[in-house]
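Working notes, structure below.
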Amino acid sequence: MRRPIFGGNWKMHKTVKEAVSTVEDLKKEIGDIEGVEVVVFPPFTALDAVKAVLKETRIGLGAQNMYWEEKGAYTGEISPLMLLETGCRYVILGHSERRQYFGETNLGINKKLKAAFSLGLVPVVCVGERLEERKNGKAEEVVVVQLRECLEKVDLQKAQKLVIAYEPIWAIGTGETATPQQAQEMHRLIRGVLLELLGEELAASIRIQYGGSVKPENIKDLMRQSDIDGALVGGASLQASSFARIIRYKE
Ligand code: PEP
């Protein structure tokens, strides 16, 4: 049984004060929720303050990115050790905005993934196709290559921690969601690649989140699909009330 996992990716939103106020509200709404895993991904500057609010709740803390080295002359980067010290247990790797605006490649994401595994962080690896790729019938090929390259030679012993987020780029922040059937087809494809790369047991246990304009109104239908194990939520996670409605999709 895969436990659903919901992540709130706040991107470059919220001052420390705003972040604290949002998690205080979220704590009131879902602080005691059982049966699902919930993680917030605030900007780096708010991690410490958010951690203090989340103490003694079931809500986890994650970062939106990291570098693969533990320390060194890498101006502007944050290391996995620094994230652990701040109380992060999760990290998003290879979000499409990082690929698009900051030149992240599958090779770099693979290095980050190995670093996350070796230091015990739970990586949320993002994959997804662009609109032209989908229109040209290339969506499956693109996602398979992303997965193969991002997961190359990962330590199988640690791969049970892996979370994949399938986020079609044309659905991120656009208000356009993949239909539950489109999402399920891609999730099934991803599980097939995991099976080939990591074996049956791991492929069956790894959570695959859907991301792309998830809202309280569409989460139920998405979660009915057999290979969708939660959501990575951008815009709708900025308000505690809408994120909480997504997390409580069953009610
Ligand atoms: C995201 O940033 O990962 C995302 C899915 O954003 P949104 O929910 O706003 O489409």
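The values are calculated or read from the model by the stated rules, or taken from the named source; none is laboratory data. Just so you know, these numbers come straight off a predicted model, no measurement behind them. Glycine gets a Cβ as well: all are built from the backbone with ideal geometry, and neighbour counts include every protein chain shown. Accessible surface is based on the protein model in full, side chains and every heavy atom, while ligands, DNA and RNA are left aside. Shrake-Rupley method; radii C 1.70, N 1.55, O 1.52, S 1.80 Å.
Placing unit charges on the Cβ atoms of the charged side chains and taking the dipole of the chain about its Cα centre, the candidate lying farthest along the positive direction among G35, G212, L222 is G35.
Taking only the Cα atoms of the stretch 111-221, the ratio Rg/Rh comes out at 0.97, with Rh defined as the Kirkwood radius. Placing one equal scatterer on every Cα of the stretch 164-251 and applying the Debye formula, the log10 ratio I(q)/I(0) at q = 0.14, 0.20, 0.23 Å⁻¹ is -0.47, -0.87, -1.07. With a ≥ b ≥ c the root eigenvalues of the C-alpha gyration tensor of the stretch 58-105, is it rounded (a/c under 1.5), prolate (a/b larger than b/c) or oblate? It is oblate, given that a/c is not under 1.5 and a/b is not larger than b/c. Extending 7 Å from Cα along the Cβ direction at R2 and again at T105 yields two label points whose distance is 3.0 nm. Once the 1.4 Å probe is applied to the protein heavy atoms, the stretch 174-251 comes out at 44 Å² accessible per residue.
Of the peptides 171-178, 207-214, the ranking by mean beta-carbon count within 10 Å, highest at the top, reads 207-214, 171-178.
Each peptide in 181-192, 91-102 receives the mean, over its residues, of other Cβ atoms within 10 Å, and ordering these scores from highest gives 91-102, 181-192.
Solvent-accessible surface of the stretch 114-173, averaged per residue with a 1.4 angstrom probe and all protein chains in place: 45 square angstrom. Once Rh is set to the Kirkwood radius over Cα pairs, what Stokes-Einstein translational diffusion coefficient, in µm²/s, holds for the chain at a temperature of 37 °C and a viscosity of 0.692 mPa s? It comes out at roughly 182 µm²/s.
Rounded to the nearest 10 square angstrom, V16 shows an accessible area of 60 square angstrom against a 1.4 Å probe.
With +1 on each Lys and Arg Cβ and -1 on each Asp and Glu Cβ, and nothing else charged, work out how big the dipole of the stretch 1-78 is about its Cα centre, in Debye to the nearest 20. List each step's numbers first, then the result.
Values: 11 positive and 12 negative charges, 18 e Å.
Charge dipole of the stretch 1-78: 80 debye, to the nearest 20.
Here the spin labels are modelled as points 7 Å beyond Cα on the Cα-Cβ line, and at R148 and E34 they lie 4.5 nm apart.
Accessible surface of L198, taken over heavy atoms with a 1.4 Å probe and every protein chain present, rounds to 20 Å².
Remark: for residue pairs K138/K250; K112/K220; K114/K215; K161/K215; K114/K135, the C-alpha separation exceeds 29 Å in K138/K250; K112/K220; K114/K215; K114/K135.
What is the percent carbon and sulfur in the accessible area of the chain, measuring with a 1.4 Å probe over the protein chains and ignoring ligands? Show your work: numbers first, answer last.
Numbers: 6000 of 11990 Å².
That share works out to 50 percent.
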